[in-house]
Amino acid sequence: MSSRTLDGKSAIVTGGASGIGGAITKLFVARGARVVVVDLQEEAGEALARELGDAVVFQRGDVSDRNVADTAVASAVERFGSLDVLVNNASVSRQKPFEEQTDDDWNLAMDTGLYATRNFMLAALPELKKTGNACVINFGSGAGLNGQPNQASYAATKEAIRGLSRVAANEWAEFNIRVNVVCPMALTAGVVQWAQARPEQYAQSAAAVPLGRFGDPDRDVAPIVAFLASDDARYMTGQTVMADGGAVKLR
Ligand SMILES: NC(=O)c1ccc[n+]([C@@H]2O[C@H](COP(=O)([O-])OP(=O)(O)OC[C@H]3O[C@@H](n4cnc5c(N)ncnc54)[C@H](O)[C@@H]3O)[C@@H](O)[C@H]2O)c1
């Protein structure tokens, strides 16, 4: 079986400079795709672009800014000739009890989560339609599915993304644009920070993973995203796929 399952595909990966997004960028390129990486971290983004060469264009930008979505789509088309895959991975939030979360906390979660996902999907739609075989991969979270304490704004934005994804899967099926959601669980820098801030919650979450560990972004999560982006997943749309070692079992 060829490992170049993404040969010829052009992708945008938001938050693609580090963490799970960085792992996705690297694996997409290894499997033959070319990627526009949109991220706030200039140094990490430039380093990745140097490492991966012509297959990567780095665009520094904040996903909450609608213009950034338009520019990313324009760069994918200009540099790679089309846009086949959109991965809405970037998202940030602050963790506090619901009653302590301010408007600013809610705006951060919604702007970088739900609204960024919506804006990138809308900006990408005309190009995705043109390919006749495209897909969107959005990011949810077990925190939303489980109602994780201290995650009110984050859980709300992530569950809204799942709802939006199901609607778009139905509406965009006629253009053969598949829309799926991945809920990962992986030991990234952000999770390490959370684990240090809330060791009890972390220990509880790790103990609840049937496969006994938090995932590795490169080996456990990125391959699931690459599968969804490939034609091997051509008959899957509107799904939430748990990349979490079996922690949540959807029915
Ligand atoms: N890591 C996990 O276990 C876990 C669990 C559930 C869901 N998720 C979801 O998976 C996705 C990736 O998670 P992660 O742990 O790799 O996150 P992370 O915080 O480690 O990395 C996110 C990347 O996005 C970039 N970024 C942050 N804000 C941005 C902005 N406003 N504009 C552009 N880029 C921005 C960061 O610079 C970073 O490169 C997120 O949607 C997250 O909610 C992760």
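When you take every Cα atom in the chain, what is the radius of gyration, and what is Dmax, the widest Cα pair distance, in Å?
17.0, 52
Between beta-carbons, use under 10 Å as the cut-off and find the net charge around LEU187, counting Lys and Arg +1, Asp and Glu -1. Provide the component values of the computation, followed by the final result.
On the way: positive: ARG213; negative: ASP216, ASP220.
Computed value for this residue: -1.
Between ASP104 and GLU200, with labels modelled 7 Å along Cα→Cβ, what's the label distance in nm to one decimal, could you check?
Label at ASP104, label at GLU200, 2.8 nm between them.
By a straight-distance test (C-alpha under 15 Å), which aspartates and glutamates pair with LYS130 as possible cross-link partners, with residues fewer than eight away in the same chain excluded?
The reachable aspartates and glutamates, counting only those whose Cα sits under 15 Å from LYS130, are GLU78, ASP84, GLU174.
Please give, to one decimal in nm, the separation of the simple spin-label points placed at ARG60 and VAL192, each 7 Å out from Cα toward the Cβ.
The modelled label-to-label distance comes out at 2.4 nm.
Averaged over all directions, how much area does the convex hull of the C-alpha atoms of the range 123-188 cover when projected, in nm²?
The number I arrive at for the range 123-188 is 5.3 nm².
Sum up the charges of everything whose Cβ sits under 12 Å from the Cβ of ALA229, counting Lys and Arg as +1 and Asp and Glu as -1, but leave ALA229 out.
Summing Lys/Arg as +1 and Asp/Glu as -1 gives 0.
Which residue, chosen from ALA203, VAL167, ALA49, occupies the Cα position most advanced towards the positive end of the dipole of the chain, where the dipole is computed from +1 (Lys, Arg) and -1 (Asp, Glu) charges on Cβ about the Cα centre?
VAL167
Can you compute the charge dipole magnitude of the chain about its Cα centre, using +1 on each Lys and Arg Cβ and -1 on each Asp and Glu Cβ, nothing else charged? Give it in debye, rounded to the nearest 20.
780 debye
Values in this text are rule-based calculations from the coordinates and carry no lab data. Quick caveat, the model's predicted, so the values are computed rather than measured. Virtual Cβ from ideal backbone geometry, glycine too; neighbours counted across all protein chains shown.
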